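Student: The structure's right below; bear with me while I get my questions together.
The values are calculated or read from the model by the stated rules, or taken from the named source; none is laboratory data. Quick caveat, the model's predicted, so the values are computed rather than measured. All Cβ positions, even for glycine, are placed from backbone atoms using ideal geometry, and neighbour counts span all protein chains on display.
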Amino acid sequence: MESTTSEKILDTAQALVVAGGYNGFSYADISDAIGIRKASIHHHFATKAELVTVMVDRYTRQARAGLKSLSQHIPAPVDQLQAYLGYWQTCILDASQPFCVCAMLAAEMQMLPEGVASHVRAHFRNLAGWLTSVLEAGAEQGLFRLDNPPEEEAQILMASVHGAMLSARALGDPNLFLAIVSPQIARLRA
C-alpha cells in the first residue's frame, strides 16, 4: 500500500525532528525531501505546530500500540522490559530509529508551542504509566526489587533509556545504549 501525501509529510517531519529538532526544519525541507510544493504541505497541515502535534500523536499511538502488544504477547514483566529495551537497542544499532522523536522534542520543551509541548508531555506520561505497571507487576511477582515507589523507578528507567540514546548518539557509539541501560535492569532484578 502506498503512503498518502499526509503520511509522507509526517514521516519526513519525524525524520527531520529526530535529525535536528523542532526548530531544525522547515516546510521547505519537507518540500525538497518529498518533491511537493510548500503550499501542498500547508493544505495538509496549516502550521508547523499542527504538523508536529499530529506527528507526536501518531508516534504516541504507535508507541502505545507497541507497548500494549508487548504486554499481551510477553507474559513476564522482566521479558516485557527486555523487549522494550531490545527494541531501542536494535533501532539504535541499525539506525532505523536512532532516537525517540519525543525525547528530541523534550530537549526543546521551552521553545515548543504549548500545543506541541502538551502532546509531548502526554507521550511521556503514557510511557511512564506503562513502565510503572510493568515494574509493579514484576515486584508483585518477586521479579523486581524496587528501591523507590514504582512511579519513581519508572522515571529513573525512562531517564536512563533516553540518556543512553543521547550518549550513544553524541559519541557515535550505538553499543553505549546497552552499556548504560543494562546496569539499571540488573539493579531492578530481585
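Student: For the range 134-190, give me the residue count where each residue is within 18 Å of the chain's Cα centre (by Cα), part of a loop (DSSP other than H, G, I, E, B) and farther than 23 Å from G66 by Cα.
Tutor: Looking only at that region, the number is 0.
Student: What do you reckon, is E2 at pLDDT below 95 and over 27 Å from G172 (Cβ atoms)? Give the derivation first.
Tutor: Values: at pLDDT below 95: yes; over 27 Å from G172 (Cβ atoms): yes.
Yes; evaluated as a whole, the condition is true for this residue.
Student: How many residues are free of Cβ contacts under 8 Å to residues at least 12 places away in the same chain and either exposed (fewer than 13 other Cβ atoms within 10 Å of the Cβ) or among the small types (G, A, S) (or both) when one looks only at the range 148-162?
Tutor: Initially, the range 148-162 is screened for residues free of Cβ contacts under 8 Å to residues at least 12 places away in the same chain, giving 148-149, 152, 159.
Then drop every residue that is not either exposed (fewer than 13 other Cβ atoms within 10 Å of the Cβ) or among the small types (G, A, S) (or both), which leaves 148-149, 159.
Going through the range 148-162 one residue at a time, the tally reaches 3.
Student: Here is a check on your reading of the model: is A83 within 23 Å of A164 (Cβ to Cβ), of a type in the set (G, A, S) and either at pLDDT 95 or above or in contact with a Leu (Cβ under 8 Å, 6 or more places away or on another chain) (or both)?
Tutor: yes
Student: Quick check: anything in the range 59-74 over 24 Å from G138 (Cα atoms), touching a helix residue (DSSP H, G or I) at 6+ places or on another chain (Cβ under 6 Å) and either of a type outside the set (V, I, T) or not in a helix (DSSP H, G or I) (or both)?
Tutor: Yes, the range 59-74 contains a residue that is over 24 Å from G138 (Cα atoms), touching a helix residue (DSSP H, G or I) at 6+ places or on another chain (Cβ under 6 Å) and either of a type outside the set (V, I, T) or not in a helix (DSSP H, G or I) (or both).
Student: Condition first: basic (K, R) and under 21 Å from S182 (Cβ atoms). Can you find one or more residues in the range 126-147 that meet it? Steps first, answer last, please.
Tutor: Of the residues in the range 126-147, the ones basic (K, R) are 145.
If we keep only those that are under 21 Å from S182 (Cβ atoms) too, we end up with 145.
Taking every residue of the range 126-147 in turn, at least one turns out to be basic (K, R) and under 21 Å from S182 (Cβ atoms).
Student: Further, regarding this structure: Determine whether the range 91-102 contains at least one residue that is touching a Phe, Trp or Tyr at 6+ places or on another chain (Cβ under 9 Å), in a helix (DSSP H, G or I) and over 22 Å from A15 (Cα atoms). Full working, then the answer.
Tutor: Going residue by residue through the range 91-102, those that are touching a Phe, Trp or Tyr at 6+ places or on another chain (Cβ under 9 Å) are 91-93, 97, 100-102.
So of that shortlist, the ones also in a helix (DSSP H, G or I) come out as 91-93, 101-102.
Filter again for over 22 Å from A15 (Cα atoms), leaving none.
Within the range 91-102, none of the residues are touching a Phe, Trp or Tyr at 6+ places or on another chain (Cβ under 9 Å), in a helix (DSSP H, G or I) and over 22 Å from A15 (Cα atoms).
To keep it simple, each residue is scored yes or no on (1) modelled with pLDDT under 95; (2) of a type in the set (F, W, Y); (3) surrounded by 14 or more Cβ atoms within 10 Å (Cβ to Cβ); (4) over 16 Å from R189 (Cβ atoms).
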{"position": "W88", "(1), (2), (3), (4)": "yes, yes, yes, yes"}
{"position": "L93", "(1), (2), (3), (4)": "yes, no, yes, yes"}
{"position": "M104", "(1), (2), (3), (4)": "yes, no, yes, yes"}
{"position": "R125", "(1), (2), (3), (4)": "no, no, no, yes"}
{"position": "W130", "(1), (2), (3), (4)": "no, yes, yes, yes"}
{"position": "S133", "(1), (2), (3), (4)": "no, no, yes, yes"}
{"position": "E136", "(1), (2), (3), (4)": "no, no, yes, no"}
